[in-house]
Amino acid sequence: MKQFRIVCIAISLTLLTACGSEIQTIGSSEYYVKISNKGEKYTEQEHTRYKYQLKGFNEEGNDEKLTFTSNHRLTRDAYLRVYFKKGEVITYEEVERDDIPKKPQQLLGVGNDS
């Protein structure tokens, strides 16, 4: 019985690790942003980081001022899906234009790029 518990715990930990980012985003709101600047470069504990402050839009078109950091400079004009919970950005991921809902597309000017 003890071995069975150990195996169950090991399997559970493996599944939790594999699903880490999905669990982290539970209860968060999704916003979409367009990287429109180079970010503010700064150093933290001898590591270069870039701080971004951008307006994001959710599926209904509501906006939120989002502040987040990256360990590398993000590609200008890239689109991100940003997960926002309890007043802070949890994580983000780059998305294609077609993955952005219609209302945020309009507000971000998707399709108006030169």
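What tally of residues in the stretch 46-55 results from selecting those that are more than 15 Å from S36 (Cα to Cα) and open to solvent by less than 40 Å² (accessible area, probe 1.4 Å)?
If we filter the stretch 46-55 for residues that are more than 15 Å from S36 (Cα to Cα), which is where we start, we get 46-49.
Filter once more, keeping what is open to solvent by less than 40 Å² (accessible area, probe 1.4 Å): none.
So the answer is 0.
Please work out which one of (1) open to solvent by 40 Å² or more (accessible area, probe 1.4 Å); (2) farther than 26 Å from E46 by Cα; (3) modelled with pLDDT of 95 or more is the condition S114 fails and give its number.
Of everything listed in (1) open to solvent by 40 Å² or more (accessible area, probe 1.4 Å); (2) farther than 26 Å from E46 by Cα; (3) modelled with pLDDT of 95 or more, S114 misses just condition (3).
Going through N71, N62, N58 one at a time, which residue ends up being over 15 Å from the mean Cα position of the chain (by Cα) and either surrounded by 14 or more Cβ atoms within 10 Å (Cβ to Cβ) or of a type in the set (S, T, N, Q) (or both)?
That would be N62, the only listed residue that is over 15 Å from the mean Cα position of the chain (by Cα) and either surrounded by 14 or more Cβ atoms within 10 Å (Cβ to Cβ) or of a type in the set (S, T, N, Q) (or both).
Of the residues Y52, Y42, only one is under 30 Å from G109 (Cβ atoms), at pLDDT 95 or above and over 14 Å from the mean Cα position of the chain (by Cα); which?
Numbers: Y52 fails: over 14 Å from the mean Cα position of the chain (by Cα).
Within the list Y52, Y42, the selection yields Y42.
Based on this model, can you work out whether I90 counts as farther than 18 Å from Q53 by Cβ, open to solvent by less than 70 Å² (accessible area, probe 1.4 Å) and of a type outside the set (F, W, Y)? Walk me through it before giving the result.
Working: farther than 18 Å from Q53 by Cβ: no; open to solvent by less than 70 Å² (accessible area, probe 1.4 Å): yes; of a type outside the set (F, W, Y): yes.
Considered against the rule, which asks whether it is farther than 18 Å from Q53 by Cβ, open to solvent by less than 70 Å² (accessible area, probe 1.4 Å) and of a type outside the set (F, W, Y), I90 comes out as no.
The values are calculated or read from the model by the stated rules, or taken from the named source; none is laboratory data. No experiment lies behind these values; they were computed from the predicted model shown. Using ideal geometry, Cβ is built from the backbone for each residue, glycine included, and neighbour counts are taken over all protein chains shown. With ligands, DNA and RNA removed, areas are computed over all heavy atoms of the protein, side chains included. Shrake-Rupley method; radii C 1.70, N 1.55, O 1.52, S 1.80 Å.
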